[in-house]
1. A:Leu27 passes all but one of (1) over 19 Å from the mean Cα position of the chain (by Cα); (2) at pLDDT 90 or above; (3) buried (at least 16 other Cβ atoms within 10 Å of the Cβ); which number fails?
2. For the stretch B:64-73, how many residues are under 25 Å from B:Thr299 (Cβ atoms) and in contact with a strand residue (DSSP E or B) (Cβ under 9 Å, 6 or more places away or on another chain)?
3. Pairs only if they're at least six apart or on different chains, beta carbon under 8 angstrom, first in the stretch A:128-152 and under 18 Å from A:Met105 (Cβ atoms) and modelled with pLDDT under 90, second outside any loop (DSSP other than H, G, I, E, B) and among the polar types (S, T, N, Q); list them, first residue then second.
4. Of the residues B:Phe281, B:Phe239, which is touching a helix residue (DSSP H, G or I) at 6+ places or on another chain (Cβ under 9 Å), at pLDDT below 85 and open to solvent by 50 Å² or more (accessible area, probe 1.4 Å)?
5. Residues in the stretch A:115-131 that are part of a helix (DSSP H, G or I), under 22 Å from B:Arg224 (Cα atoms) and either away from every other protein chain (no Cβ under 14 Å) or basic (Lys, Arg) (or both): how many?
6. Considering only the stretch A:80-95, state which residues are β-branched (Val, Ile, Thr) and either out of contact with any strand residue (DSSP E or B) (no Cβ under 8 Å at 6 or more places or on another chain) or facing chain B (nearest Cβ under 7 Å) (or both).
7. One residue is enough: does the stretch B:299-313 have a residue meeting the conditions assigned to a loop (DSSP other than H, G, I, E, B), within 30 Å of A:Gln112 (Cβ to Cβ) and open to solvent by 10 Å² or more (accessible area, probe 1.4 Å)?
8. Here is a list: A:Val273, A:Val225. Which entry is of a type outside the set (Lys, Arg) and either open to solvent by 40 Å² or more (accessible area, probe 1.4 Å) or out of contact with any Pro (no Cβ under 7 Å at 6 or more places or on another chain) (or both)?
Amino acid sequence: MSGLAQVDLRQVRKSFDRTEVLKGIDLSVTHGEFVALVGASGCGKSTLLRVIAGLEPLSGGDVVIDGRTVNGASPSERDLAMVFQSYALYPHLSVFDNIAVPLRMRRLNALQRAPLLRWLMPGTRTTEHGIRRDVERLAALLVITELLARKPGQLSGGQRQRVAVGRAMVREPKVFLFDEPLSNLDAKLRVHMRAEIAQLHRELRATFIYVTHDQAEAMTMSDRVAVMMDGRLLQVAAPAEIYNDPQDLRVAEFIGSPRINVVDLLAGDDGTVRLNGTHVRIRAKAAPGDRVKLGFRPEAARLIEPVAGGLCGRVIHVENLGPDIFVHVSTGGGAGALIVRTAPGEPRAHIGENVGLDVPPGRALIFASDGKRLQRAAA
Amino acid sequence: MSEAAVESAQMASPRWRAALARGRGYDRARLAAAYALSAPALVLMVLLIVGPLLAVVVIACTDYQLGDRSLRFVGLANFRALASDAVFWKALGNTALYVLVVVPGSVALGLAAATLIEAATGLKAFFRTILFLPVMATLVAMAVVWEFMLHPTFGLVNLALGAVGLQGRNWLQDSDTALYVLAVIGVWQQFGFNMVLFLAGLSSIPRHLYEAAAIDGAGSAWDRFCLVTWPMLGPVTLFVIVISTIRAFQVFDTVQALTRGGPNKATEVLLYSMYAEAFEFFRTGYAAAIAVVLIVLVTMLTLVKAHVLERRVHY
């Protein structure tokens, strides 16, 4: 099938009046790749998707699909499909007709689509026959055959979602765009549909660009995650890399739940950061006495006996989630509590207890005061 | 569902009735409160709508003449007289013809104006106001302007026709054209109102549908209109058609101001007949019978609308 296309964005800019929403986006999505655009609301991710779709004209840069610059092309000329957050099903049309719309628009001419008159035009019946066959085959695939005669108003959220996906799939486009397609579903259904869309991507092997504000969706479904903030891409990498090796403090803080712990530290006289007796040497140009930030994931730290000069504090709250126990440790001084994950087998922490935190140097992430990641040198 | 409907559904529910049967003081008090609260509206409705309506129906069955001290019930005699009255049938036919021109004309023009204004980039408010002016203007005053425009010798219409070499007519005095001229004025007066209703309908169409249509390949404005705009305007269109029809049935002011039913009954319409019978010939009972016919026609339309609206236009 034709479901393979490369999408390249080159210095894409978009302004509404004087507000710059996209500030120069560079991104290449290769054939058959699933890229999730993730970021807080208002970061420009939906605008970026709409620019790719051709629903918003761009203010600068190029959108290139399969080597063809499509800046001025209309959405239908770009051969892509989009699933909207609201599903945007035509409420007056049955499920069958909804899915058939893209086929009718392409396979029938204007006269063959005209009401009543269409049946007088030569070829309408034959083409309609083919359309019926294709829609029914797809409906069987999506297990919505028994819904074909219904109107969207008679469907549940999950069913509408499936119909919207069907309408996108039916003409086998090269690129699929998803704009927060699961955010109107309840939590349980969302997890289910997440798996279904990932499965769909494996079967179609088409290029997927998926916008979400939900980091769990981005991390679980995609080949690569693109973290957006304030109109810029902060980092584009595989989910594991985004999580374990964030290049920016904002990426580290956005991805991961509970969020990453951040501690302010001063770089020592020799430009190293001292932590619990170990030295984590910073290779980058941290001048002696620079303020840096130490970040570590809740599961990276271990609770130990308090060590003088080390990271320590008092347990103020314990969350038992079953497989994980999150221990909140207040270090005082007005800073937020640090969170450490322990497993049920490990010794229990008690509220009010004084504990120390051990962070292995290999799992500590160090960021400059502007948020840029500083690479660690071998100790 | 309206609150009133919710209330009545509750009242009809078996639980409510069982509670009433038990006759607990609390429920009785609630019921009393419900009646007390709806009483002012009920009284006003009876006084201002149901009462006059009944009065018209009663008068239609009498031989009452304006100013008489007595009246006599004549049963359906007035209606029998109507059935054999050539002027009444002429008026009914003229009214129907008028409706058949004004309704499609004002609905189509209103829809066209609304879609054009919606698509415009600037001056939206300006066009909206200009096109709505005829609705707000007093029709009798505007009729004077139309009379000047349509004057056979110095009217703007005939002068304009003359300038391009066409022969003008005596529009309002010609029995071939008078009713159509009134219909055109009716369209002019009504389409602005329809336009505003269509504009409201257009603004409630979700933008996502147009975007989905663009992605699905509906490239031209016509395709988008057929796929999204027109079907989504279905409920509004039905409403606009019914309102326009009812208003067209009630045509009176232009007839009274411009032609007085003439020439040769060419513009005699139902409401004008009724007015003439009641206030020129003082045959109030007979006029009331015409009013009843008009009320029945309009009520039938409203019922059709309610029926279709309930059944079809549920998204």
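The values are calculated or read from the model by the stated rules, or taken from the named source; none is laboratory data. Just so you know, these numbers come straight off a predicted model, no measurement behind them. In this analysis, Cβ positions are derived from the backbone assuming ideal geometry, glycine residues included, and neighbour counts consider all displayed protein chains. Note: accessible area is taken over every heavy atom of the protein model, side chains too, but ligands, DNA and RNA are not part of it. Shrake-Rupley method; radii C 1.70, N 1.55, O 1.52, S 1.80 Å.
1. (1)
2. In the first step, residues of the stretch B:64-73 are kept if they are under 25 Å from B:Thr299 (Cβ atoms); the result is B:64, B:73.
Then keep just the ones that are in contact with a strand residue (DSSP E or B) (Cβ under 9 Å, 6 or more places away or on another chain); that gives B:73.
Total satisfying the criteria: 1.
3. Qualifying pairs under 8 Å: none.
4. Values: B:Phe239 fails: at pLDDT below 85.
B:Phe281 is the lone residue from the list that is touching a helix residue (DSSP H, G or I) at 6+ places or on another chain (Cβ under 9 Å), at pLDDT below 85 and open to solvent by 50 Å² or more (accessible area, probe 1.4 Å).
5. Step one: filter the stretch A:115-131 for residues part of a helix (DSSP H, G or I), giving A:117-120, A:124-131.
Narrowing the set further to residues that are under 22 Å from B:Arg224 (Cα atoms) leaves A:117-119, A:124, A:127-128, A:131.
Remaining after also requiring either away from every other protein chain (no Cβ under 14 Å) or basic (Lys, Arg) (or both): A:118-119, A:124, A:127-128.
Number satisfying all stated conditions: 5.
6. Correct list: A:Val95 only.
7. Initially, the stretch B:299-313 is screened for residues assigned to a loop (DSSP other than H, G, I, E, B), giving B:312-313.
Checking which are within 30 Å of A:Gln112 (Cβ to Cβ) leaves us with B:312-313.
Next cut, open to solvent by 10 Å² or more (accessible area, probe 1.4 Å) only: B:312-313.
The answer is yes, given that some residue of the stretch B:299-313 is assigned to a loop (DSSP other than H, G, I, E, B), within 30 Å of A:Gln112 (Cβ to Cβ) and open to solvent by 10 Å² or more (accessible area, probe 1.4 Å).
8. On the way: A:Val225 fails: either open to solvent by 40 Å² or more (accessible area, probe 1.4 Å) or out of contact with any Pro (no Cβ under 7 Å at 6 or more places or on another chain) (or both).
Criteria check complete, one pass: A:Val273.
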